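Participant: Once you've had a glance at the structure underneath, I'll fire off some questions.
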Amino acid sequence: MLRINKINNETLKTYLLFLFCFCFSLVGAQTVTGTIINGTSSEPIEDALVIAKNGDKVVSYTYTDVNGHYNLKINNFAEITLTASSLGFVSENLRIRFVESQVNYVSDFQLNEKTETLTTVVLKADEKIKINRDTISYRISAFKDASERTVEDMLKKLPGIEVDDDGNIRALGKPIQKILIEGDDLADSNYKVISKNLDITVLDKIEIINNYDENPVLKQFLSSENIVLNLKLKKDKKSVLFGKAEIGGGIENRFLGDVNLGVINPLVKLLNLANTNNTGSPAGRQFGVYTYSPIGFNDFTKDFSINQNPIVFLSGSTNELNTENYIENTSVSNNLLINKRFSDSIKLRNSLYYFNDSFEQYYKSEYQYFVEPKDIFFKEQNSFNQEKFNLSNDLKITFTPSKDRNITVANTLTFLNGTSKNGLLFNEENVQQTLRNKTREQDTQIQLTQKIKSGAVVIDFYVGSKKLDQIFKIFPNTFIADSINQKTLSYSDYNTTLDYQGLDASLVFKNNKTSYSFTGGFQHINETIKTKSYLGFQNQNEKIDSLSGRHTARSLLPHLQFKIEEELYQDVLLYANLDAIWNSYDKNNFSKNFFLPNPSAGLRIRKTKTGTYHFKYSYISEIPRLNYFTDNFIIKSYRNLSLGISKPEALKSHSYSFNYTFARVEKRILFNVSATHRKFLNQVSFKNSLGQNTDITQSIFSPGQKLWLFQASFTSYIDPVNTSVKIGYQKQFSEQAVIINNENSKLKNNTSQYYLSGTTYLKGVVNFKILANYTINAGENGRNTIRNERYKFELKTIFNINKVFIATFESKGYLVSSQFYETNNAEIEFRPKGKNWTLGLKIINIFNDKEYIFENSSDYVQTATVFDAVPRYGILYGRFRF
Amino acid sequence: MPLKALLLFLTILNFTICISQTERGLIRYGEIQSLSLGAPIGVDYNAILMFDNNSSLYITRKDSLEKTKIDGQKSVITAQGGSIFTAVTNEKGFQYNNLIKKDSFYSRDLGFNYVKEKTPKISWKIEKETKTIGQLTCQKATATFRGRDYTAWFAPEIPLPYGPWKLQGLPGVILEAYDTNKEIFWYFKSFEYPVTTMLPSFKPVTPPKGKDWISIETFKEIQIKNFKNAQIAGKMVAEKMNIETYSNDTMKNSYIEVFDVEDK
């Protein structure tokens, strides 16, 4: 029933006129009230809904109170439709057209009962919607605090992602396979090229993709333990040219230049990263040998390439300091990455890179050999000059004709030229060593994957061909002592070739909780090592027969493999890999057939009340590479001649490992223990004859080598000072049987490390990161024990003023044999908010230290090395993004 | 005669009692929490909303609501043994009781705290968009509540101001709701009215002996403290791995109600 006040027409007209004057200041606000009652029982209906709509738009709504009353305020609408409804009743509508003269309206409703059954089912109670959980994405805006520059800086901030000092990235505890950009692969496993160079401002999200499988056939039924990161660009950067330019100059002719250029659009992605500097960032570090080994059952993306081993290594000595403190470099590099989609089923990725690094280093060493009959002592003063030129191309084409078939073709070409020059003063003698390297490598791998009824067939075919030529000159020669040849140089020519071909076919199945596969394959490896040493004086070259030789090793390796992975219960995983390899081995005039079993098994138990456990066992057997079996003497350095083993044998060892983690964060406890034991039944050892001027090393097989590694750490958090702390202990013990100067020795080496580290999270302007480490090393060689102890301190102080000025001071100090010395570097940056440029200043070796001393000892050698420090310099640089 | 009258009287009484007894409704939802992960990839819990004309009770993470243990969903484990998703249910579950007649909201919330507060007033903006969920037409509404921007789809055909968790106050029951990126996501499974199947007891939330109600202010303090603990956990893990970690995080990446940000 409705009651409406009846208003006189005359009064209405006057009222309207009156209101018209106030039209602009008065907003038409009306109040609608009323009562809603049950039509049958006349009882008021509490919590009935009254909703006022204007057309489709909801203007206002309310629920009736305990007396069935409602009160609605309507602003600025000429008319509304009121609907009164309640469960179990028929809804009622009423139209109200507002007039200016009336402010209050009363509308009562009477609702009639009805039996209502509203039932609708979209999913059953236990059903869940299907969601792909393989990707975790982080919105960069949620974690950014304006202090990040490169992708690497940003990754350090994201939960679940860790970046170590070398830039190696782990996500969710596992090493990542690669970094994609908008789903496309540009750099393959050389992902550091992207993480260290790409500027963060073009990115919107970073995704961690779990279960990543490039193989679309296997992905349909196999899970994978591979993890990749996918960078998603900001919407306005998806089809555009972007980049950054950095340029700097400093005292003492220091310079740096860095240009990133990116072209990203749906058809092609291009990234060109160019860099040149002499401020401690060698190009080789980014293109370093990073081989990604897939984890777990799904390792069907593995790399079949085999590495070549050089005969001679001539590079300077390294230590724990940052390379910029003790190595001078001049580097130029350029990396062009392309990813192009030719059609829905053909994709191409190519990476062409070039770098030219040159290094300079100066250091002095003192050596002491603890041997019979008398200790040997000598000094070296070294100047090192190394130059490397590298041109490489990585190509990969993927062809997916249907969802059940996938073909990939990958090819790598490498050209490497290098020269190492070492001028040294050996005791009082001047010796010049020069090594020229020339590497030519080619590797091609083709993989075909075809889906079959309950699994897939994977066929891999690979071919590789590698050549390494080394020319090694020593002047004057130090091996032939007679007076005529004293001033002649020794000239050694080493040629190594490695050719391999192979075919592997696998049947892969997965049902419910078990994955298993059968593989059969065949590999052919052909290695040759040719060594020629000459005595060259004036224009005559005389070949030294005892230092020359030719070796060929040919292996035919058929193998059968069975792999299985099974989830026994939730969070309990059992896995095993049984690989049986036969090697029909042929070397010069020796041949033998070897059987090389390689079984391994593991058990992983996660998330129990007492923590997480992982046990693993493997048995490893293999034939060492040809460079161990060169049975003529080879000149390895000015004081080292080396002889290989004449009769090849298999190396055999057992490996056991255990890992345990326990975490109770509320009690501030995080505890981790791991232990590894490797027991060698047969291993390559050596027989050394050490003399004042020359060392002769002969490789031999010896049983009984042992290695133990134990680590434990406890991490906590100290609330009052907002600092996380960790204390840890690491112990390494190894035992090896050797022969030194005709004496059988059992070398035992024991290293213990105690360390403490802490990071502060203070809210103010300063924060610290501290590390203190005490290492004690004891080497025993049956005769005596050599001890070595060292204290190390590291302090990193970070000043952050409003996120605009950021300064980092890094100090590393060492206390060795009561001598204390340190390195100090600083980096200060000015990042104005909202601008796309940054200014920075970098200072190396603030206190202009002159040298750094390091001591090393093994079981019978003690070395003390003094490195010349790179003299103090500062460099001012500017960075601009576009 | 008197007997007939008595019988008539009893029948009428019975009849009126039957009519005045309020019918109950039951909505089943799925609740997925994936805070900081940018997509609804967290653990998917079963949840129910029981209601009548007087009040509603929303229950989630209850052991008996899950037929089997939370299985078939990969919890993501980090090397430290901690996990990004903690899939945990408990005996009583988390309960949220909206007593519209008393304008009060009683919850058995995180940390098993019993929180009493006035029913939160959410300033919903009702949009024109509609969609069908099951056989019901739903309309869209948006609001910012305690640090998050929510989108809710409510059904005017069920004219009661109820919804999952603490989302309520619309001219219809909320059948689906989510925040930006669906890091909190309630999705609809089924609706039954009146309820004919067996229901868990529809009793108002009461703290057990020895536990008291706390106010929303106290609960806020407890949550902020818990959050700080979680931050510390992250820092401890970073220390153990000898890596850097982000030092300042917002509650938004760990809790639904962002108490360290003032609601406008």
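Rule-based calculations on the coordinates, nothing more; no lab input. Model, not experiment: these values are computed from the prediction. Neighbour counts are summed over all protein chains in view; Cβ atoms, including those assigned to glycine, are modelled from backbone coordinates with ideal geometry.
Participant: Taking N as the number of residues in the stretch B:24-215, what is its alpha-carbon radius of gyration divided by 2.2 N^0.38 Å?
Facilitator: 1.02
Participant: To test your reading of the geometry: what angle, between 0 and 90 degrees and rounded to tens, separates the Cα axis of helix A:9-21 from the longest principal axis of chain A?
Facilitator: Helix A:9-21 sits roughly 40 degrees off the main axis of chain A.
Participant: What number, in percent, do you get for the relative contact order of the stretch A:135-236 if the mean sequence gap of Cα pairs under 8 Å and at least 6 apart is divided by its residue count?
Facilitator: That works out to 31 percent.
Participant: Could I ask something else about it? What percent of all Cα-Cα pairs in the stretch A:660-776 falls in each 10 Å bin, counting up from 0?
Facilitator: Pair shares across the bins are 12, 27, 23, 17, 13, 9, 1.
Participant: Next up: Kirkwood Rh, the stretch B:143-229, all Cα pairs: how many Å? Don't jump to the answer; show the numbers that get you there.
Facilitator: Details: mean 1/r = 0.0631 Å⁻¹.
Kirkwood hydrodynamic radius for the stretch B:143-229: 15.8 Å.
Participant: So how do B:Trp165, B:Trp153 line up by other beta-carbon neighbours within 10 Å, fewest first?
Facilitator: Exposure proxy ranking, most exposed first: B:Trp165, B:Trp153.
Participant: Could you line up A:Tyr569, A:Tyr354, A:Tyr729 from fewest to most neighbouring Cβ atoms inside 10 Å?
Facilitator: Values: A:Tyr569 8, A:Tyr354 18, A:Tyr729 14.
Ranked by crowding around the Cβ, least crowded first: A:Tyr569, A:Tyr729, A:Tyr354.
Participant: Work out how much length B:Asp103 to B:Arg24 would gain on full extension: take 0.36 nm times their residue separation and subtract the Cα-Cα distance, in nm to one decimal.
Facilitator: That pair, B:Asp103 and B:Arg24, stretches by 26.5 nm at full extension.
Participant: Another question, then. To the nearest 20 Debye, how big is the dipole of chain A about its Cα centre, given +1 on the beta carbon of each Lys and Arg and -1 on that of each Asp and Glu?
Facilitator: For chain A, the charge dipole is close to 660 debye.
Participant: Oh, and also: Peptide A:56-64: average number of partner chain Cβ atoms within 10 Å per residue?
Facilitator: Other-chain Cβ atoms within 10 Å of each residue's Cβ, averaged: 4.
Participant: Work out the charge dipole of the protein assembly as shown with +1 on the Cβ of Lys and Arg and -1 on the Cβ of Asp and Glu about the Cα centre, then indicate which of A:Ile227, A:Phe867, A:Gly243 is farthest towards its positive end.
Facilitator: After comparing all options, I get A:Ile227.
Participant: What is the magnitude of the charge dipole of the stretch B:24-215 about its Cα centre, with +1 placed on the Cβ of each Lys and Arg, -1 on the Cβ of each Asp and Glu, and no other charges, expressed in debye to the nearest 20?
Facilitator: That gives the stretch B:24-215 a dipole magnitude of about 400 debye.
Participant: Contour minus end-to-end for A:Gln450 and A:Ser315, with contour as 0.36 nm per residue of separation and end-to-end as the Cα-Cα distance?
Facilitator: 43.9 nm
Participant: Now for a separate question. Averaging the inverse of every distinct alpha carbon separation and then flipping it gives the Kirkwood radius. What is it for chain A, in angstrom units?
Facilitator: It is 33.6 Å.
Participant: Also, quick follow-up: Just to confirm a number: summing +1 for Lys and Arg and -1 for Asp and Glu over residues other than A:Ala245 whose beta-carbon lies under 12 angstrom from that of A:Ala245, what do you get?
Facilitator: Charge balance near A:Ala245 sits at 0.
Participant: Another question about this same structure. What does the charge count around A:Ser621 come to, taking other residues whose C-beta lies under 12 Å from its C-beta (Lys +1, Arg +1, Asp -1, Glu -1)?
Facilitator: On the way: positive: A:Lys652; negative: A:Asp579, A:Glu622, A:Glu649.
Residues close to A:Ser621 contribute a combined charge of -2.
Participant: Could you compute how fast the stretch A:745-882 diffuses translationally, taking Rh as the Kirkwood radius over C-alpha pairs and applying Stokes-Einstein at 4 °C with viscosity 1.567 mPa s? Give it in µm² per second.
Facilitator: My calculation gives 72 µm²/s for D.
Participant: Counting only DSSP beta bridges with both residues in the protein assembly as shown, tell me the antiparallel percent, nearest 5.
Facilitator: So the antiparallel bridges in the protein assembly as shown amount to around 95 percent.
Participant: Could I ask something else about it? Given a Förster distance of 45 angstrom, what is the FRET efficiency for A:Ile739 paired with A:Glu182, based on the Cβ-Cβ distance and rounded to 0.05?
Facilitator: Once the sixth-power term is evaluated, E becomes 0.15.
Participant: Can you tell me the FRET efficiency between A:Asn253 and A:Ala505 if r is taken as the Cβ-Cβ distance and R0 is 41 Å, rounded to the nearest 0.05?
Facilitator: Values: r = 58 Å, r/R0 = 1.42.
Given R0 = 41 Å and the Cβ-Cβ separation, E is 0.10.
Participant: Here's another thing I want to ask about it. Length gain on complete extension for the stretch A:Thr552 to A:Gln432, per 0.36 nm per residue less the alpha carbon to alpha carbon distance? Could the numbers behind the result be given before it?
Facilitator: On the way: separation 120, 0.36 × 120 = 43.20 nm, distance 3.12 nm.
Between A:Thr552 and A:Gln432, full extension yields an extra 40.1 nm.
Participant: OK, next. Quick one: work out Rg over Rh on the C-alpha atoms of the stretch A:135-236, Rh as Kirkwood radius. Walk me through the numbers before you get to the answer.
Facilitator: Details: Rg = 13.2 Å, Rh = 13.8 Å.
So for the stretch A:135-236, dividing Rg by the Kirkwood Rh gives 0.95.
Participant: Suppose only helical runs count, i.e. DSSP H with n ≥ 4. What mean residue ellipticity at 222 nm does that imply for chain A under -39500 (n - 2.57) per run, divided by all residues and rounded to the nearest 500 deg cm²/dmol?
Facilitator: Numbers: 4 runs with 26 residues, N = 882.
Helix contribution divided over all residues of chain A: -500 deg cm²/dmol.
Participant: Moving to a separate point now. Pop a pseudo-label 7 angstrom from the Cα along the beta-carbon direction at both B:Glu217 and A:Ala580 and give the gap in nm to one decimal.
Facilitator: In this crude spin-label approximation the distance works out to 7.7 nm.
Participant: May I ask which residue of A:Gln177, A:Ser137, A:Pro216 lies farthest towards the positive end of the charge dipole of the stretch A:135-236, with charges of +1 (Lys, Arg) and -1 (Asp, Glu) on Cβ and the Cα centre as origin?
Facilitator: A:Ser137
Participant: When a footprinting reagent is the concern and you count Cβ atoms within 10 Å, what order do A:Phe595, A:Phe629, A:Phe426 take, fewest first?
Facilitator: A:Phe595, A:Phe426, A:Phe629
Participant: Further, regarding this structure: Determine Rg/Rh for the stretch B:97-209; Rg is computed over alpha-carbon atoms and Rh is the Kirkwood hydrodynamic estimate from the same atoms.
Facilitator: With Rg and the Kirkwood Rh in hand, the quotient comes to 0.97.
Participant: With +1 on each Lys and Arg Cβ and -1 on each Asp and Glu Cβ, and nothing else charged, work out how big the dipole of the stretch A:599-724 is about its Cα centre, in Debye to the nearest 20.
Facilitator: Numbers: 17 positive and 6 negative charges, 101 e Å.
It works out to roughly 480 debye.
Participant: How far apart, in nanometres, would the label points at A:Asn75 and A:Lys803 be if each is projected 7 angstrom from Cα along the Cα-to-Cβ direction?
Facilitator: 3.5 nm
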